[in-house]
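Data first, discussion second: the structure below is written as structure tokens.
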Amino acid sequence: MTAKATINSQRLLERLDRFAEIGATAGGGVNRQALTMLDRQARLLLAKLAEARGFGVFQDPVANLFIRRSGRDEGAPPLLIGSHLDSQPSGGRFDGALGTLTAFEVLESLEDAGVQTERPVEVVAWMNEEGCRFAPGCMGSSAFAAGAIPLEWPGIIATDGARFEDELRETLAALPRAAMRNLGFPAHSYLEVHIEQGPSLEKENIPIGIVTGIQGTRWLEVTVSGQTAHAGTTALTYRRDPLHAMVSALERLYASIMPADDRARFTVGRIMVEPGAVNAIPQMARCTIDIRHPDTSEIDRLSVMAEQFFGEGAAAERCQVSFRQTFDMPPANFPPKVLEALDRAAAKAGLATKSMLSGAFHDALFVNRVAPSAMIFVPCRDGLSHNEAEYTSPDHVVSGARMLLLATAEILDSDI
Ligand SMILES: [Zn+2]
């Protein structure tokens, strides 16, 4: 049915360049954080390109953007394909944009070939996948899956002081011609192309990763409280140093978690000390912990281990410790039927594939809760992402788009 459609490589590559201009950084990357003026510009450009092709443009109350190509059966739930357009503050040109623009290229390819699909196909750009300006990440896709906006979101304050509620309203208003939809509607299935953000495809020289699932993630915030005192006059026996307690606990966690299990991830990305004076023992030390693993019970075990080690570190320094869980996402497994469709697509494209688990979380993790989903990974140079130097070669970009087009055809023709 969709056999006539082909990817227009030049159009796709030029479009990636065009979107990379929106928020371009001096280092060759992109700073287009969620719900900023630049994010609105990118959304507006996509909407204009869509209108030029006669596609429908819609948004929902959480500013997910949908580009619809009609099907024969307009009442049928659409096949969704897409990713996100927001970036990290010093992000790359491909993270998110690749998935959104390959999806739009698929829609244009179907249009160019005059293919009539049974059900509608829609490109989606999910709002705030990155979660760096407004936390948490994957706001748009998680709200879509839940069918509701969490009560606390409107009051969330951005890293730059902006209020979520205000920025969301402005972003929605920036697309006045986009028809408003209800949040969370039945979708047939969801496919997302993304750069791997890791080195394995490049190292093994494999053009396509078929992602079978996404590892779970848990974030903890640990606060150790001690007693601030003079750095010069306080002898060791009188010290209640929360940073010392923290460092000794972290040292044990670094030594115990990742060296013992190559599927486990343990990261401390933020440490804050108060009062933060050069000549005072801290009153308080706080750090974040990011734990990831494909197995929920292992995430639980590692969380307990962190509590134990911090408890022991704090006791040795006569400090108090408290834990707060700030984020918890269980692992996802994509349905076999969708993965089989991707295998068939790869065989037709003549592309070698590798089954893999995603180390990062993605919108597909949330969408999979309400519609059968899967992801297609393409290699990125040196595994670099969330970095201005992020790079995927034109060949790999085009392979990802061809895979998405063929997978779209497989899904439309199958009974998933
Ligand atoms: Zn991404």
request  = Among the numbered conditions (1) within 16 Å of the ligand (Cβ to nearest atom); (2) touching a strand residue (DSSP E or B) at 6+ places or on another chain (Cβ under 7 Å); (3) open to solvent by 30 Å² or more (accessible area, probe 1.4 Å), tell me where A24 comes up short.
outcome  = (1)
key: Residue satisfying condition, being within 16 Å of the ligand (Cβ to nearest atom), open to solvent by less than 10 Å² (accessible area, probe 1.4 Å) and either within 24 Å of E167 (Cβ to Cβ) or not assigned by TED's automatic domain parsing to the domain that holds A143 (or both), within set L98, L65   = L65
query = Could you say which residue among E152, E196 is free of Cβ contacts under 8 Å to residues at least 12 places away in the same chain, farther than 30 Å from A52 by Cα and assigned by TED's automatic domain parsing to the domain that holds I81?
reply = E152
request  = Sort through L405, L339 and tell me the only one that's assigned by TED's automatic domain parsing to the domain that holds G27, more than 22 Å from N8 (Cα to Cα) and either free of Cβ contacts under 8 Å to residues at least 60 places away in the same chain or among the aliphatic types (A, V, I, L, M) (or both).
outcome  = L339
query = Is there a residue in the range 299-307 that is hydroxyl-bearing (S, T, Y) and either assigned to a strand (DSSP E or B) or at positive phi (or both)?
reply = no
message = For the range 376-391: of the residues being open to solvent by 10 Å² or more (accessible area, probe 1.4 Å) and of a type in the set (A, V, I, L, M), which is farthest from the ligand (Cβ to nearest atom)?
response = A389
request  = Mind counting the residues in the range 168-181 that are farther than 20 Å from Q33 by Cβ and open to solvent by 70 Å² or more (accessible area, probe 1.4 Å)?
outcome  = 3
inquiry  = Going residue by residue through the range 223-243, is there one that turns out to be in contact with a Phe, Trp or Tyr (Cβ under 6 Å, 6 or more places away or on another chain), surrounded by 16 or more Cβ atoms within 10 Å (Cβ to Cβ) and within 20 Å of V273 (Cα to Cα)?
reply    = no
remark   = In the range 394-415, residues that are open to solvent by less than 40 Å² (accessible area, probe 1.4 Å) and either within 16 Å of the ligand (Cβ to nearest atom) or touching a strand residue (DSSP E or B) at 6+ places or on another chain (Cβ under 9 Å) (or both) total 10
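Of the residues I299, I281, I271, which is crowded, with 20+ Cβ neighbours inside 10 Å and closer than 29 Å to F361 by Cβ? Step through it out loud before you land on a result.
Values: I281 fails: closer than 29 Å to F361 by Cβ; I271 fails: crowded, with 20+ Cβ neighbours inside 10 Å.
None of the others qualify; the one that does is I299.
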message = Quick test for you: out of I149, I214, pick the one residue that is touching a strand residue (DSSP E or B) at 6+ places or on another chain (Cβ under 9 Å) and not small (G, A, S).
response = I214
query = L12 passes all but one of (1) farther than 30 Å from I156 by Cα; (2) assigned to a loop (DSSP other than H, G, I, E, B); (3) in contact (Cβ under 8 Å) with a residue 40 or more places away in the chain; which number fails?
reply = (2)
task = For residues that are under 29 Å from A146 (Cβ atoms), open to solvent by less than 40 Å² (accessible area, probe 1.4 Å) and away from the ligand (no atom under 16 Å from the Cβ), tally how many sit in the range 182-208.
result = 5
query = Which of the residues that make up the range 157-167 are open to solvent by 20 Å² or more (accessible area, probe 1.4 Å) and within 19 Å of the chain's Cα centre (by Cα)?
reply = T159
ask   = Going by the conditions given, is S142 open to solvent by 10 Å² or more (accessible area, probe 1.4 Å) and either within 16 Å of the ligand (Cβ to nearest atom) or within 19 Å of N31 (Cα to Cα) (or both)?
value = yes
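The values are calculated or read from the model by the stated rules, or taken from the named source; none is laboratory data. Because the structure is a prediction, the values reported are computed rather than measured. Heads up, the Cβs are rebuilt from the backbone with ideal geometry, glycines too, and the neighbour counts pull from every protein chain shown. Side chains included, ligands, DNA and RNA excluded: accessible areas come from the protein's heavy atoms. Shrake-Rupley method; radii C 1.70, N 1.55, O 1.52, S 1.80 Å.
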